Amino acid sequence: MSAASNTAKEKKQQYNFNKLQKRLRRKVGEAISDFNMIEDGDRVMVCLSGGKDSYTLLDILRFLQRIAPIKFDIIAVNLDQKQPGFPEHILPEYLANEGVDFRIIEEDTYSIVKEKIPAGKTTCSLCSRLRRGILYRVASELGATKIALGHHRDDMLETMMLNMFYGGTMKSMPPKLVSDNGQHVVIRPLAYASEKDISKYAEQMAFPIIPCNLCGSQENLQRKVIKELLKSWDKQYPGRIESMFSALQNVVPSHLADAKLHDFKNIVATGEANQDGDTAFDHSTPTTFLNYRGDSDDSETTDRASDANDAASSLGVIQVRMVN
C-alpha cells in the first residue's frame, strides 16, 4: 500500500473516531440535561471497575467538566475486592497518569462470597450487594453528592426484559434515582449511549481494560440470553433497539394494566373525542420503527447540523442545564 493510501486511510479512521467521540459526548450531555444529573457544586463519585463502560464514562465526564458552564468535582473510586489475579497496579497507574483524583478501596468481599455461595453457583447477586453497600459508605465518607455508574442504553433494555420475563414487573435501570438506602442520588450518564459505540470508543482510546471474570463466577445466564437476543435483533431488524428504548421514554399508563397508576375503576365515557382512546379494533401494525433514521446519527449531515448548532463554542457538544 502506498504512502498516500496509508495517509488517506488514517484520515478516514481519524474522521470516524471524531464522529464517534462527538456522538458519545452529545448523548451524555443530552442525558445529563434531560434528567438534571449534575448540578453546580456537585462532587461526583465515578465508580470505576476497569471495564470499557466505566472508562468511557470517566473520560467523557472529564471532558464535560472542562467545558461545562457549571463547576463540579470528579473523584474516581475503584473497589479492589481481592479476586485472585486482580492487576491492582493498572487503575492507580492509569488514573495517576491522567491526573484524576481517585481512591482505591480494598475490601475482601471475594472471600465472603466464596464462603457463602456453593461452588458452581452464580455469585453475582451477593457480590453486587456487598459492593453496593461499600460504595454507599465510601460516597458518604468522601462527601459525594452523586454516584455515577457506567450502565448504558443496552443495560437498561436488558434489565427491562429480564424484569418482564422473570420478575413480572415493568421496570428498568433509571437514568437517575435515589439509592435503596435513601442517602444518595445515583446517576447513569451513559443512558443514551449504545454498547456498540462504547466498545468502539474504548478500543480506539486503548483503555487498559481489566477482565471481568477474575472471580471465576458464571455469567448470569438469563442476562446473557437477553443480551444475545438484543444483538441479533439489532443485526436483523435495524431500528428495533432504538424503538424499544423510545418506549421507555413514552409510557402510557392508561394503556397498560396497573390500577395503581391509572384509575380504571372510575372510567366513564364523556362523549368527547380522545386521541388516546381505545383503538384496539384497528389492529394496526407499524411498518417502521419509531424515530429510526438508519445511520443518520453517524452521518456527515447530522454532524454538520450539530456543528452549526454549536458554532458559539468550539467545544460545545455537551450542554448542562443550569440550576438556580
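Every residue, every condition in (1) surrounded by fewer than 20 Cβ atoms within 10 Å (Cβ to Cβ); (2) part of a loop (DSSP other than H, G, I, E, B), yes or no:
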site	(1), (2)
ILE198	no, no
ALA202	yes, no
PRO208	yes, yes
LEU229	yes, no
PRO238	yes, yes
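Inside the range 83-105, can you point out the residues that are exposed (fewer than 13 other Cβ atoms within 10 Å of the Cβ) and among the polar types (S, T, N, Q)?
Once the filter is applied, which keeps residues that are exposed (fewer than 13 other Cβ atoms within 10 Å of the Cβ) and among the polar types (S, T, N, Q), the range 83-105 yields only ASN97.
Can you tell me which residue within the range 139-161, out of those that are closer than 19 Å to ASN36 by Cβ and of a type in the set (Val, Ile, Thr), is nearest to the chain's Cα centre (by Cα)?
Checking each candidate, the answer is ILE147.
Among the candidates ASP42, ASP108, ASP53, ASP80, which residue alone is at pLDDT below 95, surrounded by 16 or more Cβ atoms within 10 Å (Cβ to Cβ) and either in contact with a helix residue (DSSP H, G or I) (Cβ under 9 Å, 6 or more places away or on another chain) or closer than 29 Å to CYS127 by Cβ (or both)?
Just a single option satisfies the conditions, and that option is ASP80.
List every residue pair whose Cβ atoms sit under 6 Å apart, with the two residues 6 or more apart in sequence or on different chains, where the first one lies in the range 1-19 and is touching a residue at least 12 places away in the same chain (Cβ under 8 Å) and within 28 Å of ILE198 (Cβ to Cβ) and the second, anywhere, is assigned to a helix (DSSP H, G or I) and not aromatic (Phe, Trp, Tyr).
Within 6 Å, the pairs are PHE17/GLN204; LYS19/ASP303.
Picking from PRO189, PRO174, which residue would you name as being surrounded by 13 or more Cβ atoms within 10 Å (Cβ to Cβ), modelled with pLDDT of 95 or more and over 19 Å from ARG23 (Cβ atoms)?
Values: PRO189 fails: over 19 Å from ARG23 (Cβ atoms).
Answer to the check: PRO174.
Quick one: would you say SER314 is among the hydroxyl-bearing types (Ser, Thr, Tyr) and either at pLDDT 65 or above or in contact with a strand residue (DSSP E or B) (Cβ under 6 Å, 6 or more places away or on another chain) (or both)?
no
Filter the range 162-192 for residues that are closer than 12 Å to PHE35 by Cα and not aliphatic (A, V, I, L, M) and give the result.
Answer for the range 162-192, where residues must be closer than 12 Å to PHE35 by Cα and not aliphatic (A, V, I, L, M): PRO174, PRO175, LYS176, ARG188, PRO189, TYR192.
Determine the pairs where a residue that is within 16 Å of LEU221 (Cα to Cα), located within the range 158-171, has a partner that is of a type outside the set (Asp, Glu) and not in a helix (DSSP H, G or I) with Cβ atoms under 6 Å apart, the partner being 6 or more residues away or on another chain.
THR159/SER172; THR159/MET173; MET160/SER172; ASN163/THR169; ASN163/LYS171
Of everything in the range 223-243, what is over 11 Å from LEU157 (Cβ atoms) and among the aromatic types (Phe, Trp, Tyr)? Give them in sequence order.
Selection gives TYR237 alone.
The values are calculated or read from the model by the stated rules, or taken from the named source; none is laboratory data. Nothing here was measured: the structure is a model prediction, and the numbers come from that model. Positions of Cβ are generated from backbone atoms using ideal geometry, with glycine treated the same way; all protein chains shown enter the neighbour counts.
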